């Protein structure tokens, strides 16, 4: 199962709690620390190791969160982290953070997009993409970029689970499907 699919219900729940409590900053901090923890190979090995008791693992992870945040976790935060650990979903934290940020952006007048291109975009190209997205969504837009040489040329623009695929690879795939259904 794709991590975004796994992450979505968790991100939705955290977002609702953050909206109710006006605690977006606290939850974003929790998710950022969690994403860092999820990407750490040593911690990943510790969590997946069969040796330490589950209670010891949970206590150690709580301590890591508390140390990184420089505060104790709230009851809701502990419940959230505990749920992720018990369901073996710690690896979904980077995706949960990404979805949470996307939802936070939707609730404000700012949107964040991830742009994947076949080559490094010039500043002029980035500005053009930002302008086009700003006009389309009637919002302030920020982008982060990534290079994927497999695209041949063009771009793929992502916002949360929405994708706009303007790559040559996608066009060729579409043409291939049309040709194969015609003959």
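Please go through (1) within 19 Å of the chain's Cα centre (by Cα); (2) over 13 Å from residue 37 (Cα atoms) for residue 71 and return the number of the only condition it doesn't satisfy.
Of everything listed in (1) within 19 Å of the chain's Cα centre (by Cα); (2) over 13 Å from residue 37 (Cα atoms), residue 71 misses just condition (1).
Would you confirm whether any residue within the stretch 169-179 is surrounded by 12 or more Cβ atoms within 10 Å (Cβ to Cβ), in contact with a strand residue (DSSP E or B) (Cβ under 7 Å, 6 or more places away or on another chain) and not assigned by TED's automatic domain parsing to the domain that holds residue 24?
For the stretch 169-179, residues surrounded by 12 or more Cβ atoms within 10 Å (Cβ to Cβ), in contact with a strand residue (DSSP E or B) (Cβ under 7 Å, 6 or more places away or on another chain) and not assigned by TED's automatic domain parsing to the domain that holds residue 24: absent.
Residue-by-condition table, conditions (1) assigned by TED's automatic domain parsing to the domain that holds residue 134; (2) closer than 21 Å to residue 160 by Cβ; (3) without any contact (Cβ under 8 Å) to a residue 12 or more places away in the chain:
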| residue | (1), (2), (3) |
| --- | --- |
| 12 | no, yes, no |
| 15 | no, yes, no |
| 24 | no, yes, no |
| 37 | no, no, no |
| 64 | no, no, no |
| 71 | no, no, yes |
| 76 | no, no, no |
| 84 | no, yes, no |
| 94 | no, yes, no |
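Taking residue 33 as meeting all but one of (1) surrounded by 15 or more Cβ atoms within 10 Å (Cβ to Cβ); (2) closer than 30 Å to residue 137 by Cα; (3) at pLDDT 90 or above, write down the number of the exception.
The single condition residue 33 does not satisfy is (2).
Give the residues of the stretch 155-167 that are in contact (Cβ under 8 Å) with a residue 24 or more places away in the chain and either part of a strand (DSSP E or B) or exposed (fewer than 15 other Cβ atoms within 10 Å of the Cβ) (or both), sorted by residue number. Give the steps one after another, and end with the answer.
The first filter runs over the stretch 155-167 and keeps only residues in contact (Cβ under 8 Å) with a residue 24 or more places away in the chain, leaving 155-161, 167.
Hits for the stretch 155-167 are 155, 156, 157, 158, 159, 161.
Kindly indicate whether residue 116 is assigned to a strand (DSSP E or B), surrounded by 13 or more Cβ atoms within 10 Å (Cβ to Cβ) and not assigned by TED's automatic domain parsing to the domain that holds residue 58. Step through it out loud before you land on a result.
Numbers: assigned to a strand (DSSP E or B): yes; surrounded by 13 or more Cβ atoms within 10 Å (Cβ to Cβ): yes; not assigned by TED's automatic domain parsing to the domain that holds residue 58: yes.
For residue 116, the condition - assigned to a strand (DSSP E or B), surrounded by 13 or more Cβ atoms within 10 Å (Cβ to Cβ) and not assigned by TED's automatic domain parsing to the domain that holds residue 58 - is met.
Residue 83 passes all but one of (1) at pLDDT 90 or above; (2) part of a helix (DSSP H, G or I); (3) surrounded by 14 or more Cβ atoms within 10 Å (Cβ to Cβ); which number fails?
Every listed condition holds for residue 83 apart from (3).
Tell me, please, whether a residue that is more than 30 Å from residue 43 (Cα to Cα), exposed (fewer than 12 other Cβ atoms within 10 Å of the Cβ) and modelled with pLDDT under 80 can be found in the stretch 146-154.
Filtering the stretch 146-154 for residues more than 30 Å from residue 43 (Cα to Cα) gives 149-154.
Next, from what is left, pick out any that are exposed (fewer than 12 other Cβ atoms within 10 Å of the Cβ): 149-150.
Of the ones still in play, those that are also modelled with pLDDT under 80 are none.
No, the stretch 146-154 contains no residue that is more than 30 Å from residue 43 (Cα to Cα), exposed (fewer than 12 other Cβ atoms within 10 Å of the Cβ) and modelled with pLDDT under 80.
State whether one or more residues within the stretch 131-141 are part of a helix (DSSP H, G or I), surrounded by 12 or more Cβ atoms within 10 Å (Cβ to Cβ) and in contact with a helix residue (DSSP H, G or I) (Cβ under 8 Å, 6 or more places away or on another chain). Lay out the reasoning, then the answer.
Filtering the stretch 131-141 for residues part of a helix (DSSP H, G or I) gives 131-137.
This time we only want the ones that are surrounded by 12 or more Cβ atoms within 10 Å (Cβ to Cβ), so: 132-134, 137.
Next, only the ones that are in contact with a helix residue (DSSP H, G or I) (Cβ under 8 Å, 6 or more places away or on another chain) stay: none.
No: the stretch 131-141 contains no residue that is part of a helix (DSSP H, G or I), surrounded by 12 or more Cβ atoms within 10 Å (Cβ to Cβ) and in contact with a helix residue (DSSP H, G or I) (Cβ under 8 Å, 6 or more places away or on another chain).
The values are calculated or read from the model by the stated rules, or taken from the named source; none is laboratory data. Computed from a predicted model, the values in this text were never measured in an experiment. Glycine also receives a Cβ, built like all others from the backbone with ideal geometry; neighbour counts cover every protein chain displayed.
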